[in-house]
1. I need the helices (runs of 4 or more DSSP H) fully contained in the stretch A:104-174, keeping only those with at least 1 residues that are within 11 Å of another protein chain (Cβ to nearest Cβ) and of a type in the set (S, T, N, Q).
2. Quick check on this structure: which one of B:SER210, B:SER217, B:SER250 is in a helix (DSSP H, G or I) and farther than 23 Å from B:THR45 by Cα?
3. Could you name every one of the helices (runs of 4 or more DSSP H) located completely within the stretch B:76-178 that has at least 2 residues being under 19 Å from B:VAL41 (Cα atoms)?
4. Within the stretch A:129-156, how many residues are exposed (fewer than 14 other Cβ atoms within 10 Å of the Cβ) and either touching a residue at least 12 places away in the same chain (Cβ under 8 Å) or touching a Cys at 6+ places or on another chain (Cβ under 9 Å) (or both)?
5. Quick check, is B:ALA259 within 14 Å of chain A (Cβ to nearest Cβ), surrounded by 13 or more Cβ atoms within 10 Å (Cβ to Cβ), out of contact with any Pro (no Cβ under 6 Å at 6 or more places or on another chain) and modelled with pLDDT under 90?
6. Please identify the pairs in which a residue from the stretch B:24-40 that is at positive phi has its Cβ atom under 9 Å from the Cβ atom of a residue that is open to solvent by 10 Å² or more (accessible area, probe 1.4 Å), counting only partners at least 6 apart or on another chain.
7. Which one of B:ALA233, B:ALA229 is out of contact with any Lys or Arg (no Cβ under 6 Å at 6 or more places or on another chain) and buried (at least 20 other Cβ atoms within 10 Å of the Cβ)?
8. Only residues that are surrounded by fewer than 23 Cβ atoms within 10 Å (Cβ to Cβ) and either touching a His at 6+ places or on another chain (Cβ under 6 Å) or assigned to a loop (DSSP other than H, G, I, E, B) (or both): list them for the stretch A:41-53, please.
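The values are calculated or read from the model by the stated rules, or taken from the named source; none is laboratory data. Everything numeric here is computed off the predicted structure, so don't read it as measured data. Virtual Cβ from ideal backbone geometry, glycine too; neighbours counted across all protein chains shown. Areas reflect the complete protein model, heavy atoms only, side chains present, ligands, DNA and RNA absent. Shrake-Rupley method; radii C 1.70, N 1.55, O 1.52, S 1.80 Å.
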Amino acid sequence: MASDQTYLSVKSMSKRFGGLQALNDCTFSIDSGKIICLVGPNGAGKTTIFNAITGFLKLDQGSVFFRGNGLTGIGPQKIVRAGIARTFQNLRLFGDLTALENVASAVPNQFGEEPLGALFRPIHTARSQRKTRETARGILEEVGLADQAEAFVRNLSYGEQKLLCIARVLATGAELLLLDEPTSGLSGDALEKVMVLLRRLRDEGRSQLVVEHNTRVVQQIADEVLFLHQGHLMAQGTPEAIMADPKLAEIYFGGAL
Amino acid sequence: MDYLFSYLILASIFVILGLSTNLLVGVVGIFSVSQAAIFGVGAYTVGYALSNDIMGFVPALALAAVVCLVLNVLITLPSLRVSGDYFVVTSFGIQLLATAAFTNWDAITGGASGMAGIPTADLFGLPIDTSLKTLILTACVACLACFAFRLVMRSPFGRLLMALREDELAVAAAGRQVLRAKVEAAALAGVFAGVAGGLYAVYLSFIDPSTFDLDASVLLLTMVVLGGARTLAGSIVGPFVVVALPQLLSLIDLPTAIAASARQGIYGVLLVAFMLFRPQGLMGRKI
């Protein structure tokens, strides 16, 4: 593997929604094995970047490269298979399914996920199903939700639902996780749990790009920070350096234009 | 006795049809009000093939299944672009279109007066010419359909369809192809409806457009809602209850002039009442 090959690089991404320039010639690249926090005031384009990288949004201009391969114009399914998966700010869990089924629904390569296999090779399907459930159970254990495996999503606490989102994205097997505000709405133990989990996942080799608003969380988990403003990358650096920059602090807290 | 047979045969045919509707509307959440049209296409296909001596019953039933598979996929495709409420309107249009075709394509369907004298079924030379034999045939097919439904719902495919109803974006984010899953569900529902239609045609030996109109589609939805969407037991109980209703109503001495409209009224009341007081249906799990 070439050492000069960038892990993920985003080149001059632009996207306009009607009168709003959500992304404006946004360019950055990140290395693997790190937690990179994406910060910036509301409307800076953080979620739009996620949507663009994961194929949910067609860019007006620009391109995305992952391990040197172009991802531009590829659908979400193929991007997951390429190794990038995401969570959603508003969770988007499957409320009528159990925690285990939510995780199982993201495990790749299941036999019987189409009608012919399910109908005509039921035994093989059942075997594959068992294996999937084992995998899913292991992931639930990893995030600390093993005892809630058979609970329906709507019966889980908000903190548990946030953890379940991480479990589901882990189940895809993707190596780069795009986490959209994994700690928002959490406090105390629940917040601590997520932070510990994210650091552990990083140490296990899962790279993460995380949208995060809480500066305390950023300081605790980020290896690097990308500061976004009006759809453009303003700064990239260590959390300490970014936090210490008075100009950025003014944008972030002062709401300067 | 014949009366009981007739009830059981019709109910088992509607079980197959109920499963089809349940799969599409209940499980995947594609709110189609045109499933009676697909049922009709199945019935006319078998009716035409047998009346004109083009092929035997089994190949005709297979043909009906294939035709309905393709057709159901085609009419479900708009649901990929227009979602939820808007698809109901599209589907409503398709149902009206189908009724118009059944009524006016005289050469094939016999027009408004219907298609009469459809020969009875035969299984590889064994004629299905009595009520008992017909009942055995339809009950076997219904059991097979129930078994298939159960296999599907317990498989990863079933879970994928349930997930699809709840959140298509999240399904895509999990690395699944939304389009493909919807097409497969529609295909399966089409096969069920086509087979049900074929059985209906050979059992009654007479079919006409009124059996496959919008009222029939609503009746199907009533069965699914009343029985319990998304459940196998519901797809069995719903049709058995709803098919029995007209007979039960006939016990009440209603003037014939208002009997038909009273029946429609009661279906409507049932639908509303279940939506309000027991949305999970008779057999549905409490959610």
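1. Numbers: elements: A:115-120, A:122-143, A:158-171.
Filter on the stretch A:104-174 gives A:122-143.
2. The match here is B:SER250.
3. Fully inside the stretch B:76-178 and qualifying: B:85-104, B:106-109, B:131-154.
4. 2
5. Details: within 14 Å of chain A (Cβ to nearest Cβ): no; surrounded by 13 or more Cβ atoms within 10 Å (Cβ to Cβ): yes; out of contact with any Pro (no Cβ under 6 Å at 6 or more places or on another chain): yes; modelled with pLDDT under 90: yes.
The answer is no for B:ALA259.
6. Taking only residues 6 or more apart or on different chains, the pairs are B:GLY29/B:GLY84; B:GLY29/B:ARG165; B:GLY29/B:GLU166.
7. That would be B:ALA229, the only listed residue that is out of contact with any Lys or Arg (no Cβ under 6 Å at 6 or more places or on another chain) and buried (at least 20 other Cβ atoms within 10 Å of the Cβ).
8. The answer is A:PRO41, A:ASN42, A:GLY43.
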